[in-house]
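Bear in mind these aren't lab numbers, they're just calculated from the coordinates by the rules spelled out. If you're wondering where the values come from, they're calculated on a predicted model, not measured in any experiment. Cβ placement follows ideal geometry from the backbone for every residue including glycine, while neighbour counts extend to all protein chains displayed.
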Amino acid sequence: METASFDTQKLKNPEISGTGYQNGDQKGFWNVREYVLFRDNHECQHCHGKKKDPALNVHHIESRKTGGNSPSNLITLCETCHNEYHKKINSGKIKGPEDFKLPKRAKPYRDAAFMGIIRWTLLERLKQANPDLEVVNTYGYLTKNKRIELNLAKEHYNDAYCIAGNLNAKPLKQCLYLKKIRRHNRQIHKFNFIKGHKRKNNQAPHMVGGFCLFDKVRYKGQECFITGRRQCGAFTLKTFWGQKIKDGASMKKLILVERTSGYMK
Ligand SMILES: [Zn+2]
Ligand SMILES: [Zn+2]
């Protein structure tokens with residue numbers, strides 16, 4: 001289970017980098033890199049997204065040799081600004097980070113507790129629920145490192161493959177997408193503050209014309225999901241990825257494919 005994109009423990013003690021000294025240092029840098037991207041909100045600290053370059057680099061404010069790989073010496077720049085910075089430094093147009101609206105040292109993050117505790121609860125529950133399985137914690141920087149090492153495309157299923165760690169497993173040609181859907185009608189909670197208002201039991205799926213919200217249906221030959229319902233009984237239909245198919249489909253034109261199970265798949 002991947003609980004976070006980086007390991008806060010190894011940020012504090014970069015010398016204990018886990019799997020041996022040799023690739024430890026390199027992997028340690030991948031960890032710091034993920035932290036720096038997170039700290040900087042995945043945003044270029046020079047143009048703050050104005051250049052619209054989605055490629056982000058982690059730049060050494062002082063050179064790696066003199067400044068090292070500590071988070072305070074690293075800052076997020078988009079590739080455009082990063083190239084511009086090094087060009088200007090090399091040609092002597094600017095002398096240092098202060099001429100490029102960059103700090104001399106990056107600000108530390110507010111707190112080490114920011115990663116929260118829920119992920120550990122989740123990991124513990126997963127262990128308890130699967131006593132016969134080996135449940136191990138891992139981090140996003142290790143997943144990413146492995147995915148790039150194996151030359152796999154940036155897809156969720158490839159990340160899952162790297163997280164699972166069984167690299168002898170042959171991937172199937174198919175893949176199953178799951179999406180958790182809400183269990184409650186949020187409106188009931190929203191309007192619950194009215195004094196004396198009796199809270200309705202809204203746990204059971206509400207049927208209209210034999211259909212529930214989030215049922216998988218076929219509409220004009222296309223598989224989609226019921227994502228909304230109008231008062232007149234017409235349905236809003238969307239694909240798994242959220243693309244709208246129809247905004248007032250008559251229930252007569254729907255064929256039930258699969259009853260909702262709490263997940264879209
Ligand atoms: Zn930029
Ligand atoms: Zn740089």
Send over the semi-axes of the range 107-177's equivalent ellipsoid, whole angstrom and largest first, taken as the square roots of 5 times the C-alpha gyration tensor eigenvalues.
26, 20, 10
Tell me which lysines have Cα within less than 30 Å of K173's Cα, excluding those fewer than 8 residues away on the same chain?
K127, K144, K146, K154, K216, K220, K238, K244, K265
Name the shape class, rounded, prolate or oblate, that the alpha-carbon gyration tensor gives for the range 31-100, where a ≥ b ≥ c are the square roots of its eigenvalues, rounded holds for a/c under 1.5, and otherwise prolate holds if a/b is larger than b/c and oblate otherwise.
oblate
For the range 87-103 versus the range 248-262, the gap between their alpha-carbon centres in whole angstrom:
60 Å
How far apart, in nm, are two points set 7 Å out from the Cα along the Cα-to-Cβ line at R64 and at N166?
3.7 nm
Taking Cα pairs closer than 8 Å and at least 6 residues apart, the relative contact order of the range 42-182 in percent is 15 percent
Straight-line reach check, K246, cutoff 18 Å on alpha carbons, 8 or more apart in-chain or any other chain, hits among aspartates and glutamates -> D215, E223
